[in-house]
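Worksheet: one structure, shown below.
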Amino acid sequence: MTYDLHPALPATPTPKDYSRIHFDPAALPAKRIVGLLACQRDPLLRTLTRRVVAAHPAPDVPLAQKGRDRKKATPSSSAAPSGAATPTGALWEVELEDTVIFPEGGGQPWDTGVLRVADANGGTHAFTIEACVRRGLDAVHRVRVPPGSAVDFAALPGLEASVEVDWERRLDHMVTHTAQHLLSAVLDRRELPTLSWGMGQHPSTEAPYVELPRGLTWPEAEAVEAECNAHIREQLRVWIDVTVQGEGVRDDERAGDVEREERGIPKDYTGGVIRHCNITGVDRNACCGTQCPDLSYVSFLHVLPPSTPHAATQPSSSTPTRLYFVAGPRAIAHLASASRELSRAGQAVNVGRADVYERVARIEANRFEQAEAAKAMKGELARLVASAAAAKDGAIVTLHRAERATHDFDFLSAVAGAFCDARPDATLVLTSAVAPPALLLVQSKDADKAKAVFERLKTLLAGEDKARVKGGGARGRYMAKVDGKWAKGDGAAVEQVVQELA
């Protein structure tokens, strides 16, 4: 048996049995708790007028959006989108008897919108709702009040106010959340339970993800996508069962749907309700977010190809791995962006879009061959340079280079290794200076000698700037980077060490 909650909400295309309350709500207070908010009972309702219950200045503490793209917030911000102008004015926290503004939860970011209230003269004023958060059972709106506002927010309790949700943001979040439920249900049938999920808040076009126990192959991902889109084409009904926290829905009221695992309820949510999201014949799972009334709103779901090589028949990872997807408006934006990037890539390599993969694969193969050839040539050059250095007299041999192509520790190490094999009785001091920082390498079969030479060089090259030389080593091999331009005085310091310790 299900019950109606009064007063009824304004009519929308949402089916009347979308939200199915399985307990008598007659004794509920007029103020709706999180779990029974208008936005959760009718996800297509965009505006609502209700009485203000509480209004007070927001505490001067940071408020950061939870979830995948959370950023550090300042006391004066409510995690505004990147690139947005810094808002001015005071922040107020406002609670109403009911609201169409969803407070974040279940992995879904909060809604934003507009609060409209009247001033003492009857004029209507609109204020930006920057965020909405859950505190216990309450939905708390964070409202920006510009300087010099004609509305006295302290006097709002007891008066009526209207709230309107930012529909573009809500639709993006809601469609993505419903798509995630569908995707997780399809994956669960393949014994791939969702460990966690995340999505960036609107207007991000970044792909959301579900975290799975292992990676997928390309054929597996394509099969999952095909099954999801088959259900979307069927326009399967979605509805919400609502029960008192600690109770459940009778089996004869559950339509035979399989229930996935139920995640933990927040510790500060007590005395409330539990909501189960149902997709006809596909899924039943606890959820506090807003869900589409049917899968037609999702339109299309695309599973991004996994990182497993496309020709692989076995997953490349047996550890928890993220599978990315896009759906609805975000899929359109994401795929449009990907299409433009594909065209740009084709122009960059001078081929049509359909030939980009083949051309890039050929370029990469050529690059690998050239890199291997260059590596072999540098190895041969290193042996020649080492041979020339080994022919020099002295217990400490110095060698300075100024060639950009060999200005790296790999080359210097190859030279030093070949030198020490040829002159096990000597110590090599190698320097390379093309652009700051210069490179220093000291190597010898005599570990104590190498350390003494390196420490003395480090002292002389650093001078008064103790942080100029950064590096170290052990067992006869020491490397360091020398900040700043390599000057004549640095070369003289090397010669001084040779004279002192040879």
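FYI, it's all coordinate maths here, none of it is from the lab. Just so it is clear, the structure is predicted and the values come from calculations on it, not from any experiment. No Cβ is skipped: glycine too gets one built from the backbone with ideal geometry, and neighbour counts run over all protein chains shown.
Key figures
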{"quantity": "Label-point separation, Met377 to Glu222 (7 Å along Cα→Cβ), nm", "calculated": "4.1"}
{"quantity": "Among (i) 43; (ii) 12; (iii) 57, the entry that matches percent of Cα pairs over 44 Å apart as calculated here", "calculated": "(i)"}
{"quantity": "Pairwise centroid distance, computed over Cα atoms, of the stretch 190-234 with the stretch 351-430, Å", "calculated": "45"}
{"quantity": "Rounded Å value of the spacing that divides the Cα centres of the stretch 1-30 and the stretch 148-167", "calculated": "26"}
{"quantity": "Amide H partners (placed H, <5 Å) of Asp294, local residues excluded", "calculated": "Val238"}
{"quantity": "Antiparallel bridges, percent of DSSP beta bridges restricted to the stretch 384-501 (to nearest 5)", "calculated": "75"}
{"quantity": "Residues in the stretch 437-463 that a label on Glu495 would reach, taking backbone N under 16 Å of a point 7 Å out along Cα→Cβ", "calculated": "461"}
{"quantity": "Disulfide-incompatible cysteines by the Cβ rule (no partner under 4.7 Å) in the chain", "calculated": "Cys39, Cys132, Cys228, Cys288, Cys292, Cys420"}
{"quantity": "Among beta bridges that DSSP assigns inside the chain, antiparallel share in %, nearest 5", "calculated": "90"}
{"quantity": "Distance (nanometres) between label positions extended 7 Å along Cα→Cβ at Asp410 and Leu304", "calculated": "2.9"}
